[in-house]
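Q: Structure below; questions to follow.
The values are calculated or read from the model by the stated rules, or taken from the named source; none is laboratory data. What you are looking at is a predicted structure, and each value in this text was computed from that prediction instead of being measured. Ideal geometry is used to build each Cβ from the backbone, glycine not excepted, and the neighbour counts take in all protein chains shown. Each accessible area value is taken on the protein alone, full model and side chains, heavy atoms only, with ligands, DNA and RNA left out. Shrake-Rupley method; radii C 1.70, N 1.55, O 1.52, S 1.80 Å.
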Amino acid sequence: MIKVLMVSCEGLGNGGVQSVMINIIRNLKNEMHFDMLLFTSEHRYYDDEFEQYGRIFRIPKYEGRNRIRSRLDYYIRYNRIYRRTKDILLREGPYDVIHCNNYFESAACLKAAAECGVKVRIAHSHSAVPESEEHIWTRVYQNRLQKGVLFWATDLIGCSSPAADYLFGKGTKHNGKRYVITNCIDLARFDRSRYAPDKRRHSFIHVGAMGEVKNQKFVLRVFVQIWEKCRDATLVFIGSGEEGYLKEMKDLTKAFGIEAYVQFLPHDADVPKYLAEAEYMIFPSRYEGFSLASVEAQAMGVFVYASNAVPREADLGRMVFWETGEGEVFWANKILEDMNRPKKTADIDINKAGLENYVNKMRLVYQGGYSG
């Protein structure tokens, strides 16, 4: 039986990367053995489920609130990750595969795996951060780590073309072992037929971790413009994250006088249920690797208004893209116009986001036989 060490980007919270990992494991657990490497000491959303499949190993990062210490830890923990990963591989192995989802720090894990004789060494990119969003010294450091990723990995996977370019560099071929494998969802979980046929009229939703990246303040400002002309409109936010950001969001809701029309729910809310009730999603992310949330929304019959930072690979036929620089009034007016038009559904292909095709590809990658 193939033995895989899955390396998370941090912990096992209820996020897009974690959902991808868990879907792979659920569907291959009877064919392969999985262990998990995490970088937090916190017990999170998927921990209990994963412990039914394999062991969890931890190399905690600095988890305090001091930003300077957190940044310093990022620059100095490479050797700690390398040594501890190598110790796990030697003590608990042999492993046939290491599947790294921890971006540039994959370099440390991949190097350890190569030295321990792990044959299939995967670097998997799930994000696409613009250079303008990162400090120059971070980019310099990441460029050094990127060289290690390219040297030690046997397979490079991006969930989209921008995500692949972000971690591996634009146009890097890597001996033909570079692929784009778009993320998937469990279509059974997002099966529209399981829910009541009627959606709440003029209902909006946003799903994502609270913070500047997902740009929920922009969502709120767009919604206010819509609500001014459509007083029965409602908005649901699902997602936890930065406490300060969430407080600012709630304060803005009060300031706009729309508390009765906006609901804030935690990350572990029943996402399919709320998507089934919603008509529209506003998704103006500043950057995205893929956007599972928008795929889940489309599967549930929700039309998505997204920023141009969201990769086109996420479009199943129910997405519209605009620049956030156009402003909230532009977005609101465009959405209001679109709300009154008949929706085209002929070109929608939900099945291309299904789990079976994705799992089959990952099975071949683990077996060393995937060719793109």
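Q: State whether the residues of region 296-314 include one that is over 17 Å from I350 (Cα atoms) and among the β-branched types (V, I, T).
A: Looking for residues that are over 17 Å from I350 (Cα atoms) and among the β-branched types (V, I, T), one finds at least one in region 296-314, hence yes.
Q: In region 157-166, is there at least one residue being assigned to a strand (DSSP E or B), at pLDDT 90 or above and open to solvent by 20 Å² or more (accessible area, probe 1.4 Å)?
A: No - not one qualifying residue is present in region 157-166.
Q: Just to verify a result, which residue in region 1-22, among those that are more than 22 Å from K111 (Cβ to Cβ) and open to solvent by less than 10 Å² (accessible area, probe 1.4 Å), is nearest to the chain's Cα centre (by Cα)?
A: V20
Q: Can you find a residue in region 133-141 that is farther than 17 Å from Y370 by Cα, within 18 Å of the chain's Cα centre (by Cα) and surrounded by fewer than 22 Cβ atoms within 10 Å (Cβ to Cβ)?
A: Checking region 133-141: at least one residue is farther than 17 Å from Y370 by Cα, within 18 Å of the chain's Cα centre (by Cα) and surrounded by fewer than 22 Cβ atoms within 10 Å (Cβ to Cβ).
Table: residues versus (1) open to solvent by 40 Å² or more (accessible area, probe 1.4 Å); (2) closer than 22 Å to I22 by Cβ; (3) within 21 Å of the chain's Cα centre (by Cα).
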| residue | (1), (2), (3) |
| --- | --- |
| R55 | yes, yes, no |
| R84 | yes, no, no |
| C100 | no, yes, yes |
| K111 | yes, no, no |
| E115 | yes, no, no |
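Q: A follow-up question, please. Taking region 137-154, which residues are small (G, A, S) and either assigned to a loop (DSSP other than H, G, I, E, B) or touching a Pro at 6+ places or on another chain (Cβ under 7 Å) (or both)?
A: Matches in region 137-154: A153 only.
Q: Next question, about the same structure. Considering each of N14, N23 in turn, give the residue that is out of contact with any strand residue (DSSP E or B) (no Cβ under 9 Å at 6 or more places or on another chain), in a helix (DSSP H, G or I) and either modelled with pLDDT of 95 or more or over 27 Å from N79 (Cβ atoms) (or both).
A: Of N14, N23, the one residue that is out of contact with any strand residue (DSSP E or B) (no Cβ under 9 Å at 6 or more places or on another chain), in a helix (DSSP H, G or I) and either modelled with pLDDT of 95 or more or over 27 Å from N79 (Cβ atoms) (or both) is N23.
Q: Run down M339, M319, M300 and say which single residue is modelled with pLDDT under 95 and in contact with a helix residue (DSSP H, G or I) (Cβ under 6 Å, 6 or more places away or on another chain).
A: Going through M339, M319, M300 in turn, the sole match is M300.
Q: Give E288, E296 a once-over and let me know the one that is closer than 19 Å to W331 by Cβ and either touching a residue at least 40 places away in the same chain (Cβ under 8 Å) or not in a loop (DSSP other than H, G, I, E, B) (or both).
A: Testing whether each residue is closer than 19 Å to W331 by Cβ and either touching a residue at least 40 places away in the same chain (Cβ under 8 Å) or not in a loop (DSSP other than H, G, I, E, B) (or both) leaves just E288.
Q: Counting just the residues of region 86-98 that are farther than 26 Å from A128 by Cβ and among the hydrophobic types (A, V, I, L, M, F, W, C), which one comes out farthest from the chain's Cα centre (by Cα)?
A: Restricting to residues being farther than 26 Å from A128 by Cβ and among the hydrophobic types (A, V, I, L, M, F, W, C), the top hit is L90.
Q: Where in region 183-283 are there helices (runs of 4 or more DSSP H), lying fully within it, with 3 or more residues that are in contact with a Lys or Arg (Cβ under 8 Å, 6 or more places away or on another chain)?
A: In region 183-283, 243-256, 271-277 are the helices (runs of 4 or more DSSP H) which contain 3 or more residues that are in contact with a Lys or Arg (Cβ under 8 Å, 6 or more places away or on another chain).
Q: I would also like to ask the following. Based on what the data block shows, is A128 assigned to a helix (DSSP H, G or I), on the phi < 0 side of the Ramachandran plot, small (G, A, S) and open to solvent by less than 40 Å² (accessible area, probe 1.4 Å)?
A: Taking the combined requirement at face value, the residue does not satisfy it.
Q: Restricting attention to region 231-263, report how many residues are buried (at least 17 other Cβ atoms within 10 Å of the Cβ), over 20 Å from the mean Cα position of the chain (by Cα) and not β-branched (V, I, T).
A: Total satisfying the criteria: 4.
Q: Do we have any residue at all in region 73-80 that's within 14 Å of I59 (Cβ to Cβ), in a helix (DSSP H, G or I) and either open to solvent by less than 30 Å² (accessible area, probe 1.4 Å) or among the β-branched types (V, I, T) (or both)?
A: Yes, region 73-80 has at least one match.
Q: Can I ask one more? Looking at (1) closer than 25 Å to N101 by Cβ; (2) of a type outside the set (D, E, K, R); (3) surrounded by fewer than 14 Cβ atoms within 10 Å (Cβ to Cβ); (4) out of contact with any strand residue (DSSP E or B) (no Cβ under 7 Å at 6 or more places or on another chain), can you tell me which one N340 breaks?
A: It is condition (1) that N340 fails.
Q: OK, next. With respect to L72, is the statement that it is more than 30 Å from L355 (Cβ to Cβ) and either within 18 Å of the chain's Cα centre (by Cα) or modelled with pLDDT under 95 (or both) true?
A: Spelling it out, L72 is indeed more than 30 Å from L355 (Cβ to Cβ) and either within 18 Å of the chain's Cα centre (by Cα) or modelled with pLDDT under 95 (or both).
Q: Since A188 meets every condition but one in (1) among the small types (G, A, S); (2) in contact (Cβ under 8 Å) with a residue 40 or more places away in the chain; (3) open to solvent by 50 Å² or more (accessible area, probe 1.4 Å); (4) closer than 26 Å to H99 by Cβ, which condition does it not meet?
A: For A188, the failing item is (2).
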